[in-house]
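The values are calculated or read from the model by the stated rules, or taken from the named source; none is laboratory data. Being a predicted model, the structure only gives us computed values, none of them experimental. Note that we place each Cβ from the backbone using ideal geometry, even for glycine, and neighbour counts take in every protein chain shown. Note: accessible area is taken over every heavy atom of the protein model, side chains too, but ligands, DNA and RNA are not part of it. Shrake-Rupley method; radii C 1.70, N 1.55, O 1.52, S 1.80 Å.
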Amino acid sequence: MTKRDKQDVGQRLLARFRAAGAEEVAPDILLPAESLLDLYGEDLRARAYVTADPIRGEMMLRPDFTVPVVQAHMRTGAEPARYCYLGEVFRKQDMGDTRPETPRDHEYLQCGFELFSRDPAADAEVFALFHEALAPLDLRAETGDMGLLLDAVAGLPLTQARAAALSHHIWRPGRFARLLARFSRPAVARAFPDSTASWAGMRSEDEMIRRIARLQADAAVPPLSPVWTERLERLFALRAPAPDALP
């Protein structure tokens, strides 16, 4: 699908969302990094494009629409509130990742609909909207409960640091799988420079000392038993119509 084709599909979806009562929002492409880092953590730097502005401070090319849409909603406070958007988002790829369907792997066109409501029926409204909007494109809307996956990770016999790392990356299956594989094999002891040696690099000496201490502590943690990985894989593989999913 060419970029023009994607734009056409995005515009049709956007028109559908506006017809459903959504207000279109168009956040800046260059966003303040502070609020994004507060939400996603410092790991975001590894996959976002970061720059420094002499007046505005640290900035990022828009990695997604979630934060700016929530900020726009907080300025109005209306509820229920519906928003829609269409635009480019920018993400670096992980080392070894390939996406042959597009030559511009760092840039994606994202179209979305957000509903802020306390009504329990809101999820059904959003699902029905996407089901109807995607049907003409020969696509199918799917839903799931991330809470089940997060609870499963929280139930693993892991250290707090390892459980937090897995939970943080559960939205990124490739990174999650690599972390889980690393935690499931014995840690490799690392050699670190003598603390009396001269210090060089972007991080401060205190930051590096704390990081070295975390790595040394993690190296002493025993590996996760294979039975837990097998149970997670069975859970992640579940696919069923909603009425049948729980049993």
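How many residues does the range 65-90 contain that are under 16 Å from L39 (Cα atoms), crowded, with 18+ Cβ neighbours inside 10 Å and out of contact with any Phe, Trp or Tyr (no Cβ under 6 Å at 6 or more places or on another chain)?
Residues meeting the conditions: 3.
Report, by residue number, each residue of the range 104-129 that is open to solvent by less than 60 Å² (accessible area, probe 1.4 Å) and assigned to a helix (DSSP H, G or I).
Selection gives A122, V126, A128, L129.
E132 passes all but one of (1) within 15 Å of L232 (Cβ to Cβ); (2) open to solvent by 50 Å² or more (accessible area, probe 1.4 Å); (3) modelled with pLDDT of 85 or more; which number fails?
Of everything listed in (1) within 15 Å of L232 (Cβ to Cβ); (2) open to solvent by 50 Å² or more (accessible area, probe 1.4 Å); (3) modelled with pLDDT of 85 or more, E132 misses just condition (1).
Does the range 218-241 contain at least one residue that is open to solvent by 40 Å² or more (accessible area, probe 1.4 Å), at pLDDT below 85 and closer than 30 Å to F127 by Cα?
Yes, there is a match, as at least one residue in the range 218-241 is open to solvent by 40 Å² or more (accessible area, probe 1.4 Å), at pLDDT below 85 and closer than 30 Å to F127 by Cα.
State all residues of the range 26-48 that are surrounded by fewer than 17 Cβ atoms within 10 Å (Cβ to Cβ) and either at pLDDT 90 or above or of a type in the set (V, I, T) (or both); if no residue qualifies, say none.
A26, P27, D28, I29, L30
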